[in-house]
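Taking it in order: structure first as structure tokens, then the write-up.
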Amino acid sequence: MRRDDGPKRPFQSAVALAYRDGSGAPKVVAKGRGLVAEQIIAVAAEAGVYVHESKELVSLLMDIDLDRQIPPTLYRVIAELLAWLYHIEAAKKSGTAPPPAPDTEAALPPSTSTSGEP
């Protein structure tokens, strides 16, 4: 018999992207739910990679096959995240405060936004 340690956490999902100059678009290099998602996040943290949380974006990225480029409909939101990461790195080097995370939901294609706005 197991004792109940409180409410169960919902399964977490995670997607890792990689981008190389000249490669066209970022690729999905890892994705998973539950323990796999936790491992993806842990590996990112150990490597000093920033983790951005966006359920809507992760849901869309989970539909992309491994080692495939992101679709053009997600270019803008991913570009905003990459620009944010570059600003974080610059702030870290200069000792200034990091910029706030972009509003990825606002940058998602209109048909995927969950804000209720047209």
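The values are calculated or read from the model by the stated rules, or taken from the named source; none is laboratory data. Since this is a predicted model, take the numbers as computed values, not measurements. Glycine also receives a Cβ, built like all others from the backbone with ideal geometry; neighbour counts cover every protein chain displayed.
Within segment 48-104, being among the small types (Gly, Ala, Ser) and more than 19 Å from residue 20 (Cβ to Cβ) holds for 54, 59, 90, 91, 94, 95, 97, 101.
If you check residue 25 against the conditions, is it modelled with pLDDT under 95, within 19 Å of residue 74 (Cβ to Cβ) and surrounded by 12 or more Cβ atoms within 10 Å (Cβ to Cβ)?
Details: modelled with pLDDT under 95: yes; within 19 Å of residue 74 (Cβ to Cβ): yes; surrounded by 12 or more Cβ atoms within 10 Å (Cβ to Cβ): yes.
Yes: the conditions hold for residue 25.
So which residues in segment 28-65 are assigned to a helix (DSSP H, G or I), surrounded by 11 or more Cβ atoms within 10 Å (Cβ to Cβ) and not hydrophobic (A, V, I, L, M, F, W, C)? Scanning segment 28-65 gives 38, 39, 55, 56, 59. Identify, by number, the condition in (1) in contact with a Lys or Arg (Cβ under 9 Å, 6 or more places away or on another chain); (2) modelled with pLDDT of 90 or more; (3) over 13 Å from residue 108 (Cβ atoms) that residue 34 doesn't meet. With (1) in contact with a Lys or Arg (Cβ under 9 Å, 6 or more places away or on another chain); (2) modelled with pLDDT of 90 or more; (3) over 13 Å from residue 108 (Cβ atoms) applied to residue 34, the lone miss is (1). So is residue 19 modelled with pLDDT under 90, under 30 Å from residue 110 (Cβ atoms) and either in contact with a Gly (Cβ under 6 Å, 6 or more places away or on another chain) or not hydrophobic (A, V, I, L, M, F, W, C) (or both) or not? The answer is yes for residue 19. Only one entry in 104, 96 is surrounded by 11 or more Cβ atoms within 10 Å (Cβ to Cβ), free of Cβ contacts under 8 Å to residues at least 60 places away in the same chain and β-branched (Val, Ile, Thr), namely 104.
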